[in-house]
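*Asks:* Structure in C-alpha coordinates, see below.
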Amino acid sequence: MSKNFDTLETRTADQRAADLARDLPQLIARAQATAGMGATLAGIDAAAITSIEALAALPVLRKSALVASQASTPPFGGFASLAVAEFDHVFQSPGPIYEPGRAQPDWWRLGRFLTASGVGKGDIVQNCFSYHLVPAGMMFENAARAVGAAVLPAGTGQTELQVRAAKDIGTTAYAGTPDYLKIILDKADEMGERLAITKAVVGGGALFPSLRQFYADRGITCRQCYATADLGNVAYETDALDGMVIDEGVIVEIVRPGTGDPVPHGEVGEVVVTTLNRDYPLVRFATGDLSAIMAGTSPCGRTNLRIKGWMGRADQTTKIKGMFVRPEQVADLVSRHEEVARARVIATREGEMDAMTVKIETRASNPALYEQSVLDTLKLRGKVELVPHGSLPNDGKVIEDLRSYE
(Lines give C-alpha, C1' and ligand atoms only; values in the text may rest on other atoms or scores of the structure.)
Protein backbone atom coordinates (compact mmCIF):
# COMPACT_ATOMS: atom_id res chain seq x y z
CA MET A 1 0.00 0.00 0.00
CA SER A 2 1.29 3.47 -0.87
CA LYS A 3 2.58 5.58 1.99
CA ASN A 4 0.67 8.59 0.64
CA PHE A 5 -2.87 9.05 -0.59
CA ASP A 6 -1.76 11.41 -3.40
CA THR A 7 1.16 13.54 -4.59
CA LEU A 8 -0.31 16.74 -3.13
CA GLU A 9 0.97 15.72 0.30
CA THR A 10 4.61 15.99 -0.75
CA ARG A 11 4.55 19.19 -2.81
CA THR A 12 7.27 21.76 -2.27
CA ALA A 13 6.26 24.99 -0.57
CA ASP A 14 6.71 26.84 -3.88
CA GLN A 15 4.48 24.37 -5.75
CA ARG A 16 1.80 24.55 -3.06
CA ALA A 17 1.86 28.35 -3.23
CA ALA A 18 1.63 28.30 -7.02
CA ASP A 19 -1.30 25.89 -6.94
CA LEU A 20 -3.01 28.08 -4.37
CA ALA A 21 -2.49 31.18 -6.52
CA ARG A 22 -4.22 29.32 -9.35
CA ASP A 23 -7.09 27.79 -7.36
CA LEU A 24 -7.95 30.41 -4.75
CA PRO A 25 -9.32 33.11 -7.11
CA GLN A 26 -11.60 30.50 -8.71
CA LEU A 27 -12.84 29.41 -5.30
CA ILE A 28 -13.52 32.99 -4.17
CA ALA A 29 -15.41 33.70 -7.40
CA ARG A 30 -17.48 30.54 -6.95
CA ALA A 31 -18.20 31.48 -3.33
CA GLN A 32 -19.25 34.97 -4.41
CA ALA A 33 -21.80 33.40 -6.74
CA THR A 34 -23.64 31.88 -3.76
CA ALA A 35 -26.17 33.96 -1.85
CA GLY A 36 -24.56 33.27 1.52
CA MET A 37 -20.84 33.82 0.85
CA GLY A 38 -21.72 36.39 -1.81
CA ALA A 39 -23.07 38.73 0.84
CA THR A 40 -19.96 38.24 2.98
CA LEU A 41 -17.55 38.74 0.07
CA ALA A 42 -19.37 41.59 -1.70
CA GLY A 43 -16.98 43.98 -3.41
CA ILE A 44 -13.98 41.65 -3.16
CA ASP A 45 -11.81 41.30 -6.28
CA ALA A 46 -11.52 37.52 -6.51
CA ALA A 47 -8.60 37.72 -8.94
CA ALA A 48 -6.53 39.52 -6.31
CA ILE A 49 -6.91 36.77 -3.68
CA THR A 50 -3.98 34.56 -4.61
CA SER A 51 -2.31 33.79 -1.26
CA ILE A 52 -2.97 33.14 2.41
CA GLU A 53 -1.80 36.69 3.11
CA ALA A 54 -4.41 38.12 0.74
CA LEU A 55 -7.04 35.81 2.17
CA ALA A 56 -6.41 37.28 5.63
CA ALA A 57 -7.95 40.59 4.53
CA LEU A 58 -11.37 39.00 3.97
CA PRO A 59 -14.11 38.90 6.62
CA VAL A 60 -14.41 35.95 8.99
CA LEU A 61 -17.56 33.82 8.70
CA ARG A 62 -18.88 32.72 12.09
CA LYS A 63 -21.13 29.75 12.74
CA SER A 64 -23.76 32.05 14.22
CA ALA A 65 -24.10 33.73 10.80
CA LEU A 66 -24.42 30.32 9.15
CA VAL A 67 -27.17 29.31 11.58
CA ALA A 68 -29.04 32.58 11.03
CA SER A 69 -28.80 32.24 7.25
CA GLN A 70 -30.04 28.66 7.35
CA ALA A 71 -33.02 29.72 9.48
CA SER A 72 -34.07 32.29 6.87
CA THR A 73 -33.00 30.32 3.77
CA PRO A 74 -33.16 26.59 4.54
CA PRO A 75 -31.49 24.22 4.37
CA PHE A 76 -27.97 25.53 3.59
CA GLY A 77 -28.44 29.27 4.03
CA GLY A 78 -27.39 30.00 0.47
CA PHE A 79 -23.80 28.87 1.10
CA ALA A 80 -23.82 25.80 -1.16
CA SER A 81 -23.01 26.25 -4.85
CA LEU A 82 -25.34 23.41 -5.86
CA ALA A 83 -29.08 23.01 -5.49
CA VAL A 84 -30.22 20.73 -2.67
CA ALA A 85 -31.35 18.03 -5.11
CA GLU A 86 -27.85 17.89 -6.65
CA PHE A 87 -26.37 16.64 -3.37
CA ASP A 88 -26.56 12.98 -2.41
CA HIS A 89 -27.08 13.62 1.31
CA VAL A 90 -28.44 16.24 3.68
CA PHE A 91 -27.39 15.95 7.33
CA GLN A 92 -28.58 17.62 10.51
CA SER A 93 -26.22 18.46 13.35
CA PRO A 94 -27.22 19.90 16.75
CA GLY A 95 -28.34 23.50 16.47
CA PRO A 96 -29.87 22.52 14.14
CA ILE A 97 -27.33 23.06 11.38
CA TYR A 98 -27.69 21.36 8.00
CA GLU A 99 -24.73 20.10 6.01
CA PRO A 100 -24.59 18.73 2.47
CA GLY A 101 -22.80 15.60 1.35
CA ARG A 102 -21.91 13.80 -1.86
CA ALA A 103 -21.14 10.18 -2.64
CA GLN A 104 -18.14 10.94 -4.88
CA PRO A 105 -14.88 9.43 -3.59
CA ASP A 106 -13.34 11.15 -0.57
CA TRP A 107 -15.68 14.14 -0.68
CA TRP A 108 -14.86 14.96 2.96
CA ARG A 109 -11.11 14.36 2.35
CA LEU A 110 -10.48 11.80 5.09
CA GLY A 111 -8.67 9.49 2.67
CA ARG A 112 -5.30 11.00 3.51
CA PHE A 113 -5.91 10.35 7.20
CA LEU A 114 -6.86 6.71 6.64
CA THR A 115 -3.86 6.16 4.38
CA ALA A 116 -1.54 7.75 6.95
CA SER A 117 -3.04 5.36 9.52
CA GLY A 118 -2.33 2.32 7.34
CA VAL A 119 -5.95 1.64 6.39
CA GLY A 120 -6.46 0.53 2.81
CA LYS A 121 -7.22 -2.34 0.46
CA GLY A 122 -7.73 -5.59 2.32
CA ASP A 123 -8.97 -3.92 5.49
CA ILE A 124 -12.47 -4.27 6.91
CA VAL A 125 -13.43 -1.10 8.75
CA GLN A 126 -15.99 -1.37 11.54
CA ASN A 127 -17.45 2.13 11.29
CA CYS A 128 -18.87 3.00 14.71
CA PHE A 129 -19.55 6.65 13.95
CA SER A 130 -23.23 7.54 13.91
CA TYR A 131 -25.17 7.25 10.67
CA HIS A 132 -28.23 8.85 12.27
CA LEU A 133 -28.81 12.43 11.00
CA VAL A 134 -25.19 13.56 11.56
CA PRO A 135 -22.57 13.09 8.80
CA ALA A 136 -19.77 11.39 10.77
CA GLY A 137 -20.67 7.83 9.75
CA MET A 138 -20.91 8.69 6.08
CA MET A 139 -17.73 10.78 6.20
CA PHE A 140 -15.66 7.79 7.31
CA GLU A 141 -17.47 5.33 5.05
CA ASN A 142 -16.80 7.61 2.09
CA ALA A 143 -13.09 7.73 2.97
CA ALA A 144 -12.80 3.99 3.58
CA ARG A 145 -14.27 3.26 0.18
CA ALA A 146 -11.87 5.79 -1.38
CA VAL A 147 -8.84 3.88 -0.03
CA GLY A 148 -10.25 0.51 -1.08
CA ALA A 149 -11.35 -0.83 2.32
CA ALA A 150 -14.60 -2.70 2.98
CA VAL A 151 -16.99 -1.21 5.55
CA LEU A 152 -19.25 -2.64 8.21
CA PRO A 153 -21.70 0.26 8.85
CA ALA A 154 -22.00 -0.53 12.55
CA GLY A 155 -23.01 2.85 13.95
CA THR A 156 -23.20 3.25 17.72
CA GLY A 157 -24.40 1.00 20.53
CA GLN A 158 -25.35 -2.70 20.73
CA THR A 159 -21.86 -3.56 21.92
CA GLU A 160 -22.39 -7.32 22.14
CA LEU A 161 -23.51 -7.40 18.50
CA GLN A 162 -20.50 -5.23 17.61
CA VAL A 163 -18.20 -7.85 19.13
CA ARG A 164 -20.01 -10.69 17.37
CA ALA A 165 -19.76 -8.92 13.99
CA ALA A 166 -16.11 -7.99 14.46
CA LYS A 167 -15.26 -11.62 15.28
CA ASP A 168 -17.36 -13.17 12.52
CA ILE A 169 -16.21 -10.98 9.64
CA GLY A 170 -12.64 -10.43 10.82
CA THR A 171 -12.72 -6.66 11.32
CA THR A 172 -9.19 -5.25 11.02
CA ALA A 173 -9.81 -1.54 11.60
CA TYR A 174 -12.05 0.52 13.87
CA ALA A 175 -13.47 3.97 13.11
CA GLY A 176 -15.28 5.89 15.84
CA THR A 177 -14.86 7.95 18.97
CA PRO A 178 -11.68 7.26 20.96
CA ASP A 179 -13.33 5.62 23.95
CA TYR A 180 -15.91 3.34 22.33
CA LEU A 181 -13.28 0.93 21.01
CA LYS A 182 -12.25 0.21 24.60
CA ILE A 183 -15.87 -0.63 25.44
CA ILE A 184 -15.93 -3.09 22.52
CA LEU A 185 -12.63 -4.66 23.58
CA ASP A 186 -13.74 -4.97 27.21
CA LYS A 187 -16.96 -6.64 26.07
CA ALA A 188 -14.95 -9.00 23.84
CA ASP A 189 -12.84 -9.99 26.83
CA GLU A 190 -16.00 -10.61 28.82
CA MET A 191 -17.34 -12.81 26.03
CA GLY A 192 -14.03 -14.68 25.66
CA GLU A 193 -13.48 -13.42 22.11
CA ARG A 194 -10.24 -12.19 20.60
CA LEU A 195 -10.68 -9.64 17.82
CA ALA A 196 -8.40 -9.01 14.82
CA ILE A 197 -8.49 -5.20 15.06
CA THR A 198 -4.99 -3.73 14.65
CA LYS A 199 -5.79 -0.19 13.48
CA ALA A 200 -8.04 2.55 14.85
CA VAL A 201 -8.93 5.90 13.27
CA VAL A 202 -10.69 8.14 15.74
CA GLY A 203 -12.19 11.59 16.13
CA GLY A 204 -14.97 13.48 17.84
CA GLY A 205 -13.40 13.36 21.30
CA ALA A 206 -10.16 13.50 23.24
CA LEU A 207 -7.64 10.71 22.73
CA PHE A 208 -5.85 10.67 26.08
CA PRO A 209 -2.27 9.32 26.17
CA SER A 210 -3.29 6.58 28.61
CA LEU A 211 -6.01 5.39 26.22
CA ARG A 212 -3.64 5.43 23.25
CA GLN A 213 -1.21 3.35 25.31
CA PHE A 214 -3.98 0.92 26.27
CA TYR A 215 -4.61 0.30 22.57
CA ALA A 216 -0.90 0.02 21.81
CA ASP A 217 -0.58 -2.61 24.53
CA ARG A 218 -3.32 -4.55 22.70
CA GLY A 219 -1.42 -4.31 19.41
CA ILE A 220 -3.67 -1.58 17.99
CA THR A 221 -2.23 1.50 16.30
CA CYS A 222 -4.53 4.44 17.08
CA ARG A 223 -4.45 7.74 15.18
CA GLN A 224 -6.74 10.75 15.43
CA CYS A 225 -7.95 13.47 13.09
CA TYR A 226 -9.46 16.92 13.48
CA ALA A 227 -12.56 17.14 11.29
CA THR A 228 -15.90 18.97 11.39
CA ALA A 229 -19.27 18.39 9.78
CA ASP A 230 -19.04 21.73 7.96
CA LEU A 231 -15.49 21.46 6.66
CA GLY A 232 -14.64 17.78 6.45
CA ASN A 233 -11.08 16.86 7.43
CA VAL A 234 -8.89 19.73 8.61
CA ALA A 235 -5.78 17.94 9.93
CA TYR A 236 -4.60 14.46 10.88
CA GLU A 237 -1.93 12.51 12.72
CA THR A 238 0.68 10.42 10.98
CA ASP A 239 3.17 7.81 12.19
CA ALA A 240 5.45 10.66 13.26
CA LEU A 241 3.00 11.53 16.08
CA ASP A 242 4.33 15.08 15.94
CA GLY A 243 1.35 17.39 15.61
CA MET A 244 -1.34 17.13 12.93
CA VAL A 245 -0.64 17.65 9.24
CA ILE A 246 -3.07 20.10 7.62
CA ASP A 247 -5.13 18.47 4.89
CA GLU A 248 -4.42 19.56 1.31
CA GLY A 249 -8.08 20.51 0.69
CA VAL A 250 -8.19 23.34 3.22
CA ILE A 251 -6.33 26.51 4.14
CA VAL A 252 -5.84 26.97 7.88
CA GLU A 253 -5.17 30.29 9.57
CA ILE A 254 -4.65 30.85 13.29
CA VAL A 255 -6.09 34.21 14.32
CA ARG A 256 -6.32 36.25 17.49
CA PRO A 257 -9.61 35.32 19.22
CA GLY A 258 -12.37 37.82 18.48
CA THR A 259 -10.65 39.05 15.30
CA GLY A 260 -9.64 37.82 11.87
CA ASP A 261 -6.01 38.87 12.40
CA PRO A 262 -3.44 36.07 11.94
CA VAL A 263 -1.02 35.49 14.80
CA PRO A 264 2.64 34.47 14.36
CA HIS A 265 3.37 30.77 13.93
CA GLY A 266 3.64 29.14 17.33
CA GLU A 267 1.16 31.45 19.02
CA VAL A 268 -2.14 29.95 20.11
CA GLY A 269 -5.26 31.38 18.51
CA GLU A 270 -8.57 30.51 16.87
CA VAL A 271 -8.62 28.08 13.95
CA VAL A 272 -10.09 29.69 10.82
CA VAL A 273 -10.51 27.43 7.79
CA THR A 274 -11.13 28.02 4.09
CA THR A 275 -12.23 24.86 2.33
CA LEU A 276 -11.39 24.34 -1.33
CA ASN A 277 -14.60 22.32 -1.76
CA ARG A 278 -16.28 23.81 -4.84
CA ASP A 279 -19.67 22.37 -3.85
CA TYR A 280 -19.68 24.02 -0.43
CA PRO A 281 -17.07 26.81 -0.52
CA LEU A 282 -16.81 28.20 3.01
CA VAL A 283 -14.29 31.06 3.16
CA ARG A 284 -12.54 31.93 6.44
CA PHE A 285 -14.94 29.87 8.53
CA ALA A 286 -14.23 30.35 12.25
CA THR A 287 -14.32 27.00 14.04
CA GLY A 288 -14.24 28.36 17.58
CA ASP A 289 -11.36 25.97 18.35
CA LEU A 290 -7.90 26.92 19.58
CA SER A 291 -4.63 25.63 18.14
CA ALA A 292 -1.23 26.81 16.89
CA ILE A 293 0.91 26.36 13.78
CA MET A 294 4.03 24.29 14.46
CA ALA A 295 7.46 25.10 13.08
CA GLY A 296 8.90 23.00 10.26
CA THR A 297 7.35 19.99 8.55
CA SER A 298 6.48 16.49 9.70
CA PRO A 299 9.25 13.87 9.89
CA CYS A 300 6.87 11.55 8.00
CA GLY A 301 7.67 13.39 4.74
CA ARG A 302 4.36 15.24 4.26
CA THR A 303 5.23 18.84 3.56
CA ASN A 304 2.17 20.87 4.55
CA LEU A 305 2.03 22.93 7.72
CA ARG A 306 1.09 21.25 11.00
CA ILE A 307 -1.07 22.32 13.91
CA LYS A 308 -0.69 21.21 17.51
CA GLY A 309 -4.17 19.74 17.55
CA TRP A 310 -7.22 20.83 19.51
CA MET A 311 -6.23 23.11 22.42
CA GLY A 312 -9.58 24.32 23.73
CA ARG A 313 -12.34 26.71 22.71
CA ALA A 314 -11.90 30.31 21.59
CA ASP A 315 -15.33 31.46 22.74
CA GLN A 316 -14.35 32.92 26.11
CA THR A 317 -17.27 35.33 26.54
CA THR A 318 -17.70 35.94 30.26
CA LYS A 319 -20.16 37.99 32.33
CA ILE A 320 -18.46 40.31 34.85
CA LYS A 321 -20.43 42.63 37.12
CA GLY A 322 -23.52 41.79 35.09
CA MET A 323 -21.90 42.76 31.76
CA PHE A 324 -20.73 40.42 29.01
CA VAL A 325 -17.06 40.80 28.08
CA ARG A 326 -16.18 39.29 24.69
CA PRO A 327 -12.85 38.47 22.99
CA GLU A 328 -13.47 41.06 20.25
CA GLN A 329 -13.66 43.78 22.93
CA VAL A 330 -10.24 42.76 24.24
CA ALA A 331 -8.94 42.83 20.66
CA ASP A 332 -10.34 46.35 20.29
CA LEU A 333 -8.47 47.42 23.43
CA VAL A 334 -5.18 46.06 22.05
CA SER A 335 -5.71 47.71 18.65
CA ARG A 336 -6.02 51.18 20.20
CA HIS A 337 -2.40 51.19 21.38
CA GLU A 338 0.36 50.24 18.97
CA GLU A 339 2.81 49.55 21.80
CA VAL A 340 0.50 46.90 23.29
CA ALA A 341 1.24 43.33 22.20
CA ARG A 342 -1.45 41.38 24.04
CA ALA A 343 -4.00 41.76 26.83
CA ARG A 344 -5.86 39.40 29.13
CA VAL A 345 -8.96 40.07 31.19
CA ILE A 346 -9.06 38.13 34.47
CA ALA A 347 -12.33 37.75 36.38
CA THR A 348 -12.11 37.06 40.13
CA ARG A 349 -14.20 37.58 43.27
CA GLU A 350 -13.52 40.00 46.11
CA GLY A 351 -15.86 38.97 48.89
CA GLU A 352 -19.27 38.73 47.25
CA MET A 353 -18.43 41.06 44.37
CA ASP A 354 -16.95 40.47 40.93
CA ALA A 355 -13.55 41.99 40.27
CA MET A 356 -11.72 42.52 36.97
CA THR A 357 -8.01 42.82 36.31
CA VAL A 358 -6.71 43.68 32.86
CA LYS A 359 -3.14 42.53 32.24
CA ILE A 360 -1.50 44.38 29.35
CA GLU A 361 1.77 43.49 27.65
CA THR A 362 3.44 46.83 26.96
CA ARG A 363 6.70 48.72 27.35
CA ALA A 364 4.83 51.57 29.09
CA SER A 365 5.00 51.92 32.88
CA ASN A 366 1.95 54.01 33.76
CA PRO A 367 -1.31 52.01 34.08
CA ALA A 368 -3.34 55.22 33.95
CA LEU A 369 -2.55 55.45 30.23
CA TYR A 370 -4.94 52.58 29.59
CA GLU A 371 -7.73 53.10 32.13
CA GLN A 372 -9.98 55.09 29.80
CA SER A 373 -9.45 52.63 26.94
CA VAL A 374 -10.40 49.76 29.25
CA LEU A 375 -13.61 51.56 30.19
CA ASP A 376 -14.39 52.49 26.57
CA THR A 377 -13.88 48.99 25.17
CA LEU A 378 -14.93 46.70 28.02
CA LYS A 379 -17.60 49.05 29.44
CA LEU A 380 -16.30 48.27 32.93
CA ARG A 381 -13.75 49.68 35.33
CA GLY A 382 -11.04 47.38 36.57
CA LYS A 383 -7.50 47.20 37.81
CA VAL A 384 -4.92 47.66 35.04
CA GLU A 385 -1.70 45.70 35.47
CA LEU A 386 1.19 46.25 33.06
CA VAL A 387 3.45 43.28 32.28
CA PRO A 388 6.51 42.84 30.03
CA HIS A 389 6.21 41.56 26.47
CA GLY A 390 6.04 37.79 26.31
CA SER A 391 4.93 37.31 29.92
CA LEU A 392 1.30 36.32 29.29
CA PRO A 393 0.80 32.56 28.67
CA ASN A 394 0.70 31.42 25.05
CA ASP A 395 -2.61 29.58 25.39
CA GLY A 396 -4.94 31.66 23.20
CA LYS A 397 -6.87 33.02 26.16
CA VAL A 398 -7.81 36.68 26.26
CA ILE A 399 -10.44 36.26 28.99
CA GLU A 400 -9.78 34.06 32.04
CA ASP A 401 -12.45 33.35 34.63
CA LEU A 402 -10.90 32.39 37.99
CA ARG A 403 -14.13 32.60 39.99
CA SER A 404 -15.28 29.48 41.82
CA TYR A 405 -18.84 28.43 41.09
CA GLU A 406 -19.00 25.67 43.68
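*Asks:* Which whole-number percent is the relative contact order of the chain (Cα, under 8 Å, 6+ apart)?
*Replies:* Values: 842 pairs, mean separation 50.4, N = 406.
Relative contact order for the chain comes out at 12 percent.
*Asks:* What does the C-alpha gyration tensor say about the overall shape of the chain? Classify as rounded when a/c is under 1.5, otherwise prolate if a/b is larger than b/c, or oblate. Intermediate values should be presented prior to the final figure.
*Replies:* Details: a/c = 1.88, a/b = 1.48, b/c = 1.27.
Here the chain falls in the prolate category.
*Asks:* Something else about it: In whole percent, and with a 1.4 Å probe on the protein chains, what portion of the accessible area of the range 122-182 is carbon and sulfur? Walk me through the numbers before you get to the answer.
*Replies:* Details: 1370 of 2430 Å².
Reported share for carbon and sulfur atoms: 56 percent.
*Asks:* Probe radius 1.4 Å, ligands and nucleic acids ignored: give me the carbon and sulfur share of the accessible area of the range 27-95 as a rounded percent.
*Replies:* On the way: 1890 of 3270 Å².
Carbon-and-sulfur percentage of accessible area, whole number: 58.
*Asks:* With a 1.4 Å probe and all protein chains left in place, how much of the accessible area of the range 231-354 comes from carbon and sulfur atoms, in whole percent?
*Replies:* Values: 2260 of 4580 Å².
Of all accessible area on the range 231-354, carbon and sulfur atoms account for 49 percent.
*Asks:* Could you give the length gained on full extension between M311 and D14, defined as 0.36 nm per residue of separation minus the Cα-Cα distance, in nm? Present the calculation step by step, with values, prior to reporting the outcome.
*Replies:* Numbers: separation 297, 0.36 × 297 = 106.92 nm, distance 2.95 nm.
The span from M311 to D14 would gain 104.0 nm if fully extended.
*Asks:* Oh, and also: Could you tell me the relative contact order of the range 66-182? Use alpha-carbon pairs under 8 Å, at least six residues apart, and round to a whole percent.
*Replies:* Working: 181 pairs, mean separation 26.5, N = 117.
Reported as a whole number, the value is 23 percent.
*Asks:* Leaving out ligands and nucleic acids, and using a 1.4 Å probe, what accessible area per residue does the range 318-406 come to in Å²? Walk me through the intermediate numbers first.
*Replies:* Numbers: 5020 Å² over 89 residues.
Accessible area per residue, the range 318-406: 56 Å².
*Asks:* Apply the Karplus parameterisation 6.51 cos²θ - 1.76 cosθ + 1.60, with θ equal to phi minus 60°, to every residue of the range 323-339 and state each ³J(HN,Hα) to the nearest whole Hz, in sequence, with x for glycine and proline.
*Replies:* 10, 6, 10, 10, x, 5, 5, 5, 4, 4, 4, 4, 5, 7, 9, 5, 7
*Asks:* If you don't mind, another one. Kindly report the accessible area of the range 178-317 per residue (heavy atoms of protein chains, probe 1.4 Å, no ligands, DNA or RNA), in Å². It would help to have the intermediate numbers written out before the result.
*Replies:* On the way: 5090 Å² over 140 residues.
Result: 36 Å² of accessible area for each residue.
*Asks:* Measuring from centroid to centroid over Cα atoms, what is the spacing of the range 302-373 and the range 231-301 in Å?
*Replies:* Each part's Cα centre sits 23 Å from the other's.
*Asks:* How much length would be gained if the chain were fully extended between H89 and A150, taking 0.36 nm per residue of separation minus their Cα-Cα distance, in nm to one decimal? Please list the in-between numbers first.
*Replies:* Working: separation 61, 0.36 × 61 = 21.96 nm, distance 2.06 nm.
Answer, rounded to one decimal: 19.9 nm.
*Asks:* I'd like the orientation of helix 63-72 relative to the chain: the angle between its Cα long axis and the longest Cα principal axis, in ° from 0 to 90, rounded to 10.
*Replies:* The angle comes out near 80 degrees.
*Asks:* Place a label point 7 angstrom from the Cα of R403 along the Cα-to-Cβ direction, then list the residues of the range 319-352 whose backbone nitrogen is under 19 Å away.
*Replies:* 319-330, 344-352
*Asks:* Let me ask something additional. How much net charge surrounds F214 when only other residues with a Cβ under 12 Å from its Cβ are counted (Lys, Arg +1; Asp, Glu -1)?
*Replies:* Details: positive: K182, R212, R218; negative: D179, D186, D217.
So the environment of F214 carries a net charge of 0.
*Asks:* When Lys and Arg each count +1 and Asp and Glu each count -1, what net charge do the other residues less than 15 Å away from F113, Cβ to Cβ, add up to?
*Replies:* Numbers: positive: K3, R109, R112, R145, K199, R223, R302, R306; negative: D6, E9, D106, D123, E141, E237, D239, D247, E248.
That sum, taken over residues with Cβ under 15 Å, equals -1.
*Asks:* Pop a pseudo-label 7 angstrom from the Cα along the beta-carbon direction at both F324 and K187 and give the gap in nm to one decimal.
*Replies:* 4.2
*Asks:* If you don't mind, there's one more thing I want to ask. Can you give the FRET efficiency for H337 and R381, using 1/(1 + (r/R0)^6), R0 = 22 Å, r = Cβ-Cβ distance, to the nearest 0.05?
*Replies:* Details: r = 18 Å, r/R0 = 0.81.
After rounding, the FRET efficiency stands at 0.80.
*Asks:* What is the percent of Cα-Cα separations in the range 132-210 that go past 15 Å?
*Replies:* In whole percent, the share of Cα-Cα pairs in the range 132-210 beyond 15 Å is 57.
*Asks:* Which lysines does K397 reach when only Cα atoms under 28 Å apart count, and residues fewer than 8 places away in its own chain are ignored?
*Replies:* K63, K308, K319, K321, K359, K379, K383
*Asks:* Still on this model: So what's the net charge close to T171: Lys and Arg +1, Asp and Glu -1, counting the other residues with Cβ under 13 Å from its Cβ? Walk me through the numbers on the way to the answer.
*Replies:* Details: positive: R164, K167, R194, K199; negative: D123, D168, E193.
Result for the neighbourhood of T171: +1.
*Asks:* Moving on. Using a 1.4 Å probe, what is the accessible area per residue for the range 12-78, in Å²? Provide the component values of the computation, followed by the final result.
*Replies:* Numbers: 3280 Å² over 67 residues.
Counting only protein heavy atoms, the per-residue value for the range 12-78 is 49 Å².
*Asks:* Let me ask something else about it. Once label points are set 7 Å from the Cα along Cα→Cβ at both Q372 and A47, what is their separation, rounded to one decimal in nm?
*Replies:* The modelled label-to-label distance comes out at 4.7 nm.
*Asks:* Simple spin-label model, 7 Å along Cα-to-Cβ: A196 to E267 in nm?
*Replies:* About 5.3 nm, to one decimal.
The values are calculated or read from the model by the stated rules, or taken from the named source; none is laboratory data. The model shown is predicted, which means the values in this text are computed figures rather than measured ones. Here the Cβ is made from the backbone with ideal geometry for all residues, glycine too, and neighbour counts use every protein chain on show. Please note that ligands, DNA and RNA were not included when accessible areas were found on the heavy atoms of the full protein model with its side chains. Shrake-Rupley method; radii C 1.70, N 1.55, O 1.52, S 1.80 Å.
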